[in-house]
Each structure stands twice: as structure tokens, then as C-alpha cells.
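Only one structure is covered here, and it is reproduced in the block below.
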Amino acid sequence: MIKEQIKDILDKYFNEGVEQGLWTNAAAGSYAVELPKHTSHGDFSTNMAMLIGGREKKNPREVASLLAEQMGTHIDLFSKVEIAGPGFVNFFVRDAVWQSVIKPVCEKAYGYGSSGIGQQKKVLVEFVSANPTGPLSIGHGRQAVLGDAIARLLEATGHEVTREYYYNDAGRQMRVLGESTRARYMELLDLGAEFPEDGYQGEYIYDIARKLISEKNDSLKDTADVAPFKEKAEQEIFANIAETLARLDIRFDNYYNEHSLYEKGLVDDVVARLREKGLAYDHDGAVWFKTTEFGQEQDRVIIKSTGEPTYRLPDIAYHREKLKRGFDWLVNIFGSDHIATVPDVLAGIRALGYDDSMVTVVLHQFVTLTREGKQVKMSTRKANFITVDELFDEVGPDVIRFFFLTRKADSQLEFDLDLATKESQENPVFYVQYANARLRSIQKKAEEKNIRRNPLQEVSLGKLSLPEELNMLKALASYPELVEDSALDLSPHRIIFFLMDLAGQFHSYYNSHLVISDDPELTQARLWLAEALRIVFHNGLRVVGLSAPETM
RNA sequence: GCGCCUGUAGCUCAGCUGGAUAGAGCAACGGACUUCUAAUCCGUAGGUCGCAGGUUCGAAUCCUGCCAGGCGCGCCA
């Protein structure tokens, strides 16, 4: 908010300079207000003079001195404005300005950091979308946590969010699942059965078979149809997935079944539309989509010569349907193995007359699993993967969330099983939560001593003059913009790093300064600072789905 | 062969989309609890930002070319 104020003033002087013919508006929109790394360079700086100088062959330092002179007149905001280096203009903000951020933080409380920039835009966040063939793996865990944190950030910034899980229970995978279940069922009944070569070997299939036996005895032994097995397996696995997600405090608004697209004729309709537009044609008994019209190297099959559609077709139909349902923005969280489908889907919706900029795909890289220093290949079919549930037995939901969120989506994530337990004790999530708990503890101590916070307008916030205090106040002031940036960038990891940094500042401060001291005025000011910090820790933790415990 | 992602301290990762002297957490070493929670703090050490060019006032960040790892490139999903 202080940054915005400076930007506004800067814009004003820039435009005045243009009107007065001091420079052209060539640099419009390219200059920025930045946060210098070193305190000796002020609280904010701008590169405007250098950009003007570079474009117009003017001496940047001359432009800078002009600018500095004008900015320096805002004595309510700045204690000092100076020129540095090749032409930076550095702004030193008055302590009182920083101290005053406590007011908005405490007034807005748990709403601090939330905003309306999303303008109630309807966003559909699609994530997990794993077919129900087995428990959620660590890879799914990353996606679940990432998608949920993104959804929360979008909610916090005034978007109307729907969380959706898209699945297909009709394909080959599911038939194999049914056959695997039947084989285990027969095996448990000692009726002998051949286990399908590419069947699902996980222990959970036995569990499902056992349930089937306890419910139906051996009444299914002569059934030729795999449907009852498939349906039971699907139902059990879905229940398990939902439970796992619930343990992570992740809930979906919708489970969207691919099959319903066929039932509603939406898949056929896409083919018809594409044919109408001359973007689909028959060749070798299959139906092809002219993806070459959309910059791809080759056309793609959408209906096989057997008459079955390829995965692309329902995917396109699904995205079109999402847009028809009135969403303004589709955010898809996909694993990197889905890279190839993205251009096809985007081409599809463009072909159908929609703007593909309404779709944003967050591709997250894989989770690689290492055990005793060696990489383990994971496969659902072979059941040699680690499930989110197993992880749960070792560590709690906050550790899991934090672990997955501490990397940006683009990075591969190495999961070291040997460190999992260790992580549970040393995970930095506790470092942040501990800061929150300590702040709460200070407040409880104050209550015990019968010290109440006086109304803010009666408190001398000027007492908060230590560099550590001012730095924390600056962090508090930057929080709302951080939430906006993280949301629009779909980058929850930025919140995590902010929290770790702020926690570091606070713990250090805590160890060398008392909040509750013999100086009543100072105590009042610091209690308000503590409250503002607590609010921001709480909000930051919650906005990415972490808990904010008051005691630890 | 082609496309996308990654390469930063011993390890795991940030680096606010081009800024000034590159950061954090682990791991290592040495210290700090009669004061609001030691799940904490303080200090020491650790770097050719994969390599080589280029763009400009200025590059870990942008462009090109190599090198290495991951994921894809089906009438599989």
C-alpha cells in the first residue's frame, strides 16, 4: 500500500515531465518501484531515471536529481530521498509511516491480506483428477496440496472458486481394476484364478475382495461380468481417496465424471462442430483433428478406427463444457506427464470459438522418491509407490502441506523417505507455527499480569523504533501485495518463504527484547506489534491451508 | 531427432519476471535457558549462479549454442 502510494506519485511526476517536454513517454509502464536488498539504499527505489536516460540519451543522474527534488517534497512520507549509483532514486520512508500499518492490520484482522482484485471472477480449479485405481500417491499429494493452496489464494483475492475433480471410470484402466479385483476374490475363495498380467498388484485389492466376500459370500463366483467387481473397487477406492483428502483438509465442490459427457452428447457435439468448421476429417478409418491449423506439427486422432474416442476428445469436450458453465478462468493443475495434452486441449477450445487465454495450466514436475540414497521408481500398478496415507502415519497434515508447498511447481521435488520422520520433527513449518504460538503466549502472559491493550489511538507507536521492529512492520505492510502476487501467479510457495522469513525476524527479536517490560508505554506499543504479527502469521498460514496453533 | 521443465553453498531449495555487495533451511564447528515457550537465538565456515558467447548503464534472471538430469512426443490415459 505504501509502495502503491509511491508508484502513484511517481506516475504523476512522470506524466508532468512528459507534458513539460522534459522527456517523452517512451519509458511509460517500464519503470518500477523496487525493494532494494540493502538498507543503505533505502526502503524503496526506482529505476525510472535510468530508463528515461537510456532511451533518450539524457544523463540519468540529471533526470534522477530532478525527480529526487520533487519526490523530496513529500515530507510526510519520506525522511530522505537520494540519488545513488548509476541513477537510482532511493526513498527512505519515515518510521511513522511504517508504524501506522499496525492500524489496518489490526482493524482488518483476519481479513488483512484479503482483497477484491479478483472481482468475483468465476474460477474453476481442476486438480488431482486421479482415476480411482488406487490410493493417492505422493505425486497426487503434491498436486492436491498445490491445487488447494492455489484455490485458497484465489478465494482470498476475491475470486469465486470451484474445486473440481475430473475422473473417468469407463476406460481400460478400470476394466483391469475390475479384473484384478475378481482375481483376488477368487483367490481368497480358493477357487483359483489367473491374475491379469497388467493387473493392479496392491494390497488394497485384497482388502476390497475381502469386503466383497463378507458382503456377498461366493455369490459372484460364476459371474461373467466384471462390473460388480469394478463398481465395488471404484466405490471403495473413491471413499479412500476422499478420506485421504479430508485428512489434508481438502474438499472438492464437484466430482465430474467423464462418462456424463457422453451421456449428454457433448462429445459427439464437439466432433460435429469441428466437422462443420472443416477442422475434422476422416482418414484411415479414424477421425482426425486438424491441430496443424493451430501450430502443431501433425494432426491428431480424436476417434480411433474402432469408433472409440481418444482421450483428447472428451478432454476438449470437458473444457468446452466448463466454459459453457460460465467460468471466466479455468485453472488446471496437471503433472508434467500431461504436457502433451495441453496444446491439444487449447487448440480444441480455440477451434470451438473460445479464447484459450481463459485457460491456465499449472504443470508441476514430478516427485522423485529416494530411499537409502537411491531413487525408487513408482508405479500404481506395481504398488511400489508411497501413499499419502502412509506419509500420514509418519507426519501430520501440516508437515505434508508445508513440504510440498516449499517448492515452486516447476521444480522437481525430491522426497527422501529416510528424512520423512526427521522432517516431522525438524520441518520448518514448526518454526513458523512456533512464532504464532509464542505471540499468543505473550498475550496470555499480559492477560495474567492484567495488562490490557489500550485503544490504538492512545498508544505511542513511535516507540517501535528498533531496526528489527521497523523491518517487521515493513514485512507486515508488504503482505497484502504478496497475497495478490502469489494468487495471480498461482505460486503459493511465495507465502511460505515470506512466513519463514518473518518468523526468523520475530524469533530473533524475541530472544533479545521483551515485549512486556517495565516501560508501560513501550509495552503497549509492542503488544500492538505482537498482535499485528500474530494476525499476519495466522492469515499467512491459513491462506495456504496450514493450521495456526495457539500453543505448541 | 523434436517440445516443455530444471541446473544457484556439501544436501534440499528461494531469488519479488533486468538492478546495487547472490539468500534461507538442513548438515559441520563454537557459544546462550533463575526473565513473555530453547520446536528458539548468537557466532564461524561454506559460491566460477552448469559451460561459452551475446544484448546494455547493469545479467543468476533476456537471446543463441553446447553439456547434464527429468517429463513428454501413440488410433494408450
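Things to note:
- Residue within region A:156-166 that is assigned to a helix (DSSP H, G or I) and within 25 Å of A:ALA246 (Cα to Cα) present: yes
- Contact map, region A:500-513: residues that are under 13 Å from A:ARG526 (Cα atoms) paired with residues that are near RNA strand B (Cβ under 6 Å from one of its atoms) and not aliphatic (A, V, I, L, M), Cβ distance under 7 Å, separation 6+ or inter-chain. Pairs shown: A:TYR510/A:ARG438.
- Output for region A:260-308, where each listed residue is open to solvent by 40 Å² or more (accessible area, probe 1.4 Å), under 24 Å from A:ASP356 (Cα atoms) and not charged (D, E, K, R): A:TYR262, A:ALA272, A:TYR281, A:TRP288, A:THR292, A:PHE294, A:GLY295, A:GLN298
- Residues in region A:345-404 that are part of a strand (DSSP E or B) and under 24 Å from the mean Cα position of the chain (by Cα): A:VAL359, A:THR360, A:VAL361, A:VAL362, A:LEU363, A:HIS364, A:VAL367, A:THR368, A:LEU369, A:THR387.
- The strands (runs of 3 or more DSSP E) located wholly in region A:251-323 that include 2 or more residues which are aliphatic (A, V, I, L, M) and over 30 Å from the mean Cα position of the chain (by Cα) occupy A:286-289, A:300-303.
- With respect to (1) buried (at least 18 other Cβ atoms within 10 Å of the Cβ); (2) not small (Gly, Ala, Ser); (3) not assigned by TED's automatic domain parsing to the domain that holds A:TYR256, the lone exception for A:GLU187 is condition (1).
- Some residue of region A:543-550 being more than 12 Å from RNA strand B (Cβ to nearest atom), surrounded by 17 or more Cβ atoms within 10 Å (Cβ to Cβ) and farther than 25 Å from A:GLY118 by Cβ: no
- Here A:ALA27 fulfils each of the conditions (1) within 12 Å of RNA strand B (Cβ to nearest atom); (2) over 30 Å from A:LEU473 (Cα atoms); (3) exposed (fewer than 15 other Cβ atoms within 10 Å of the Cβ) apart from (3).
Matching residues to (1) under 30 Å from A:THR406 (Cα atoms); (2) touching a strand residue (DSSP E or B) at 6+ places or on another chain (Cβ under 8 Å); (3) within 11 Å of RNA strand B (Cβ to nearest atom):
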residue: A:PHE289; (1), (2), (3): no, yes, yes
residue: A:LYS304; (1), (2), (3): no, yes, yes
residue: A:ARG320; (1), (2), (3): no, no, no
residue: A:LYS324; (1), (2), (3): no, no, no
residue: A:ASP389; (1), (2), (3): yes, no, no
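- Residue match in region A:256-269 (condition: among the small types (Gly, Ala, Ser) and within 16 Å of RNA strand B (Cβ to nearest atom)): yes
- In region A:89-101, the residues that are out of contact with any helix residue (DSSP H, G or I) (no Cβ under 7 Å at 6 or more places or on another chain) and either within 16 Å of RNA strand B (Cβ to nearest atom) or open to solvent by less than 10 Å² (accessible area, probe 1.4 Å) (or both): A:PHE92
The values are calculated or read from the model by the stated rules, or taken from the named source; none is laboratory data. Since we're looking at a predicted model, the values are computed, not measured. Ideal geometry is used to build each Cβ from the backbone, glycine not excepted, and the neighbour counts take in all protein chains shown. Quick note on the areas: whole protein, heavy atoms, side chains included, nothing else; ligands and nucleic acids left out. Shrake-Rupley method; radii C 1.70, N 1.55, O 1.52, S 1.80 Å.
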